[in-house]
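Every number here is computed from the coordinates shown, using simple stated rules; none is lab data. Quick caveat: nothing in here was measured; it's all calculated off a predicted structure. Neighbour counts run over all protein chains shown; Cβ positions are idealised from the backbone, glycine included.
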Amino acid sequence: MKRIIVTGASSGIGRATAELFLEKGWRVGLIARRAEMLDEMAEAHENAVSLPADVTDAAAMARAFEAFGPLDVLFNNAGIFGASGPIDEIPLENWEQVMGVNLHGMFIAARLAFGAMRARGGGRIINNGSLSAHVPRPGSVCYTTTKHAITGLTRSLSLDGRPFGIACGQIDIGNAETDMVARLKDQNPGMDTMDVRHAANSVLHMAQLPLDANVQFLTVMATNMPFIGRG
């Protein structure tokens, strides 16, 4: 049985992805802060393991990875959007919170996965980037900065993982129907969105590849969202 850890597994893209992998027979480690939501998923699926932890807490994350045991894939997904507005209106504590979850937390998870995979001879790390890793939304300085940084993390892990059989790729997802996107859609009623299951299926495709093949960067998005072109 293949084994994957999903961070941010209690809701949104993380939950949709975890549920798909469970349906496909993978053993899935569920990491998020909300233990009750993870426990609910674990009660419904015998191949799910509830691992409540804050991704910014290195010690708690180490315990979660140790409890799960060997893994084949990490879906490094946990993230928050943070406050919206021009940079001079963003409180420093909000900047620090977004940096903590979206960058520091993803570094912690990747570091643990890399070490575990290196010890057992290989594995795959899939980082959740965003279209914001390419171009920003207005007023998204915190989120966009972290997602640009994740691209650098992905490239470094890809290069450094080669001697150890560790593949790393990044999925950049645009306007999947999650609670976070729903809040944005409330502010922009004409926003084009897609079913979150398309994002989950894309992660599954990346995860199922043999380790001698890698999707380095994959973009999946609502067809009509204004990412390509002008206006």
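Here are some notes:
- The range 1-135: C-alpha gyration tensor shape, a/c 1.5 cut-off, then a/b vs b/c: prolate
- Unit charges on C-beta of K, R, D, E only; dipole of the chain, Debye: 780
- The residue among 52, 64, 9 whose Cα reaches farthest toward the positive pole of the charge dipole of the range 3-221, with charges on the beta-carbon of Lys, Arg, Asp and Glu, is 64.
- Relative to the longest principal axis of the Cα atoms of the chain, the long axis of helix 12-23 lies at roughly 30 degrees.
- Whether the range 140-226 is rounded, prolate or oblate, judged on the alpha carbon gyration tensor where a/c under 1.5 counts as rounded: oblate
- Label-point separation in nm, residue 187 to residue 214, each point 7 Å along Cα→Cβ: 3.5
- Taking every C-alpha pair closer than 8 Å and separated by at least 6 residues, the mean separation divided by the residue count of the range 134-231 gives a relative contact order of 31 percent.
- Packing order of peptides 31-39, 92-100, highest average first: 31-39, 92-100 (average count of other Cβ atoms within 10 Å over each peptide's residues).
- Anisotropy class assigned to the chain is rounded, per the alpha carbon gyration tensor with a/c under the 1.5 cut-off.
- Spin-label model distance (nm) - residue 93 vs residue 227, 7 Å beyond Cα toward Cβ: 3.4
- Taking Lys and Arg as +1 and Asp and Glu as -1, the other residues whose beta-carbon sits under 10 Å from that of residue 57 total +1.
- The range 3-221: relative contact order in percent, alpha carbon pairs under 8 Å with at least 6 residues between: 20
- Relative protection proxy for 83-91, 123-131, 151-159, 51-59, from highest mean packing down: 123-131, 51-59, 151-159, 83-91 (other beta-carbon atoms within 10 angstrom).
- Label point distance in nm, residue 80-residue 34, each placed 7 Å from Cα along Cα→Cβ: 1.4
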